[in-house]
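Participant: First the structure, then my questions, so here it is.
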Amino acid sequence: MTNDALVAGVGMIPFTKPGKSASYSDMGEAAARAALADAGIDYAAVQQAYVGYVYGDSTSGQAALYGLGLTGIPVVNVNNNCATGSSALWLARQAVASGAVDCALALGFEQMVPGPLGSVFTDRPGAMARQEAARDAVQGTDPHPPMPAQFFGGAGQAYIDEFGIDPAVFAEISVKARKHAANNPNAVFRDLVTAEEVLASPKIFGPLTRLQCCPPTCGAAAAVICSPEFARKHGLNAEVVIRAQSLTTDTPSTLESGDLRKIIGYDMAVAAANNVYEAAGIGPDDIRVVELHDCFTTNELLTYESLGLTPVGTAEKFIRDGDNTYGGRVVTNPSGGLLSKGHPLGATGLAQCAELVWQLRGQAGARQVEGVKVALQHNLGLGGACVVTLYQKVDAR
């Protein structure tokens, strides 16, 4: 990869609860239009498109983009579980950075149904059978709690068992998420909650209560990725560059460690983050704002450490000292994160991208983190995939 990949435009639509959204194709078209308008180009200038979604028929990406025009460009549909949006972004960046194209569009959307995630196909082996077997070997099988909560709740319990932390500290992550989301008009849950309310909500699994689990959500987000030459030619905003990016998948430690934290992708995240830091010549101490994959409060706590934002075993102090919010060392999920903004699977990674681009441009309004020069994104999918992306203001390079 020899060329810079700029984020020339971003767009998203307000996330909503299932049953209250437009169709996936209308949401996807609206988000793509918003990103193109933000960039200041027509769809005809886009040379390739990568479209992510998890729950949808094949070529749903074309169904969303055809509303913009029938230009004949390649449209690649992407499904990488909860890391789908960032995987589409990763492909768009690769296309531009390799010189294959000068301008690519990454789009993600999801039209979800109420309730916990479940399998669509019941007549064939599940894609996560290996991870489920590894999980069950550690903590047994419970037919009642939602499958994702058993993974992430078990991982949180493993952390409690090793470091002896107060489980109530997880609830403080939900409180922080709502405080941040209160300033985000695109978020689903904007009402404040107390730690007591979070802990009093129904138990789900392990240390997790309902208010510590992200909701199923509908929504869409998009980004226009281009080369510096394309930006100059078309007079586009060249302020934000993807400085480094890494997509990792599972290694033997995921299935052989007997540790729920590794089964849910801790080592994938460590590897992706280290790849990014090394490529960018930037360390975690340089990060002041991050959008990370807080599908459950337990995963946010674990991700503080997998990204190197705080040393292993110190996340409880990191939270209690307020180092994960405004006035602290690293503002995590200024958007409200998956817990409060919502988690439309295919859109999440691109919504994170939009938030960080706004932060770097100084366009985040009441959510703005002062003096942002670099921003980090973490998007995780069980099964597995982890994408870590580092954005930088061009004038800060």
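The values are calculated or read from the model by the stated rules, or taken from the named source; none is laboratory data. Everything quoted here is computed from the prediction, not taken from an experiment. Please note: Cβ atoms are built from the backbone with ideal geometry, for glycine as well, and neighbour counts cover all protein chains shown. The protein model used for the area step is the full one, side chains on, heavy atoms only, and it has no ligands, DNA or RNA in it. Shrake-Rupley method; radii C 1.70, N 1.55, O 1.52, S 1.80 Å.
Participant: Can you work out which of the residues in segment 108-128 that are modelled with pLDDT of 95 or more and open to solvent by less than 60 Å² (accessible area, probe 1.4 Å) is nearest to residue 220 (Cα to Cα)?
Facilitator: From segment 108-128, those modelled with pLDDT of 95 or more are 108-111; that's our starting set.
Restricting the remaining residues to those that are open to solvent by less than 60 Å² (accessible area, probe 1.4 Å) gives 108-110.
Numbers: 108: 6, 109: 4, 110: 7 Å.
Only one residue fits best here, namely 109.
Participant: Okay, next question. Restricting the search to segment 26-45, which residues are open to solvent by 40 Å² or more (accessible area, probe 1.4 Å) and within 16 Å of residue 238 (Cβ to Cβ)?
Facilitator: Answer for segment 26-45, where residues must be open to solvent by 40 Å² or more (accessible area, probe 1.4 Å) and within 16 Å of residue 238 (Cβ to Cβ): 38, 40.
Participant: Now for a separate question. Please work out if residue 25 is touching a helix residue (DSSP H, G or I) at 6+ places or on another chain (Cβ under 9 Å) and outside any strand (DSSP E or B). If you could, list the steps in order and put the result at the bottom.
Facilitator: Numbers: touching a helix residue (DSSP H, G or I) at 6+ places or on another chain (Cβ under 9 Å): yes; outside any strand (DSSP E or B): yes.
Criteria met by residue 25.
Participant: Further question on the same structure: Would you confirm, using the coordinates I've provided, whether residue 342 is at pLDDT 95 or above, within 20 Å of residue 171 (Cβ to Cβ) and either in contact with a Lys or Arg (Cβ under 7 Å, 6 or more places away or on another chain) or surrounded by fewer than 24 Cβ atoms within 10 Å (Cβ to Cβ) (or both)?
Facilitator: On the way: at pLDDT 95 or above: yes; within 20 Å of residue 171 (Cβ to Cβ): yes; either in contact with a Lys or Arg (Cβ under 7 Å, 6 or more places away or on another chain) or surrounded by fewer than 24 Cβ atoms within 10 Å (Cβ to Cβ) (or both): no.
So residue 342 fails the test.
Participant: For the structure I just gave you, tell me whether residue 235 is open to solvent by 10 Å² or more (accessible area, probe 1.4 Å) and either at pLDDT 95 or above or within 16 Å of residue 335 (Cα to Cα) (or both). Give the steps one after another, and end with the answer.
Facilitator: Working: open to solvent by 10 Å² or more (accessible area, probe 1.4 Å): yes; either at pLDDT 95 or above or within 16 Å of residue 335 (Cα to Cα) (or both): yes.
Yes; evaluated as a whole, the condition is true for this residue.
Participant: Does residue 266 qualify as being in contact (Cβ under 8 Å) with a residue 12 or more places away in the chain, open to solvent by less than 40 Å² (accessible area, probe 1.4 Å) and not acidic (Asp, Glu)? Talk me through it step by step, then tell me what you get.
Facilitator: Numbers: in contact (Cβ under 8 Å) with a residue 12 or more places away in the chain: yes; open to solvent by less than 40 Å² (accessible area, probe 1.4 Å): no; not acidic (Asp, Glu): yes.
So residue 266 does not fit the description; no.
Participant: Does residue 100 satisfy being under 25 Å from residue 350 (Cβ atoms), small (Gly, Ala, Ser) and within 21 Å of the chain's Cα centre (by Cα)? Please lay out each step first, then the result.
Facilitator: Numbers: under 25 Å from residue 350 (Cβ atoms): yes; small (Gly, Ala, Ser): yes; within 21 Å of the chain's Cα centre (by Cα): no.
Spelling it out, it is not the case that residue 100 is under 25 Å from residue 350 (Cβ atoms), small (Gly, Ala, Ser) and within 21 Å of the chain's Cα centre (by Cα).
Participant: While we're here: What tally of residues in segment 183-216 results from selecting those that are in a loop (DSSP other than H, G, I, E, B) and touching a residue at least 40 places away in the same chain (Cβ under 8 Å)? Break it down into steps so the answer makes sense when it comes.
Facilitator: At the first step, the residues of segment 183-216 found to be in a loop (DSSP other than H, G, I, E, B) are 183-194, 201-202, 206-207, 214-215.
From what is left, the residues that are touching a residue at least 40 places away in the same chain (Cβ under 8 Å) are 183-190, 206-207, 214-215.
Count: 12.
Participant: All but one of (1) outside any helix (DSSP H, G or I); (2) open to solvent by 10 Å² or more (accessible area, probe 1.4 Å); (3) touching a residue at least 24 places away in the same chain (Cβ under 8 Å) hold for residue 366, so report the exception by its number.
Facilitator: Of the numbered conditions (1) outside any helix (DSSP H, G or I); (2) open to solvent by 10 Å² or more (accessible area, probe 1.4 Å); (3) touching a residue at least 24 places away in the same chain (Cβ under 8 Å), the odd one out for residue 366 is (1).
Participant: To continue, here is another question. Those residues that are open to solvent by less than 50 Å² (accessible area, probe 1.4 Å) and of a type in the set (A, V, I, L, M, F, W, C), I need them from segment 64-90; list them, please.
Facilitator: Result: 64, 65, 68, 73, 75, 78, 82, 83, 88, 89.
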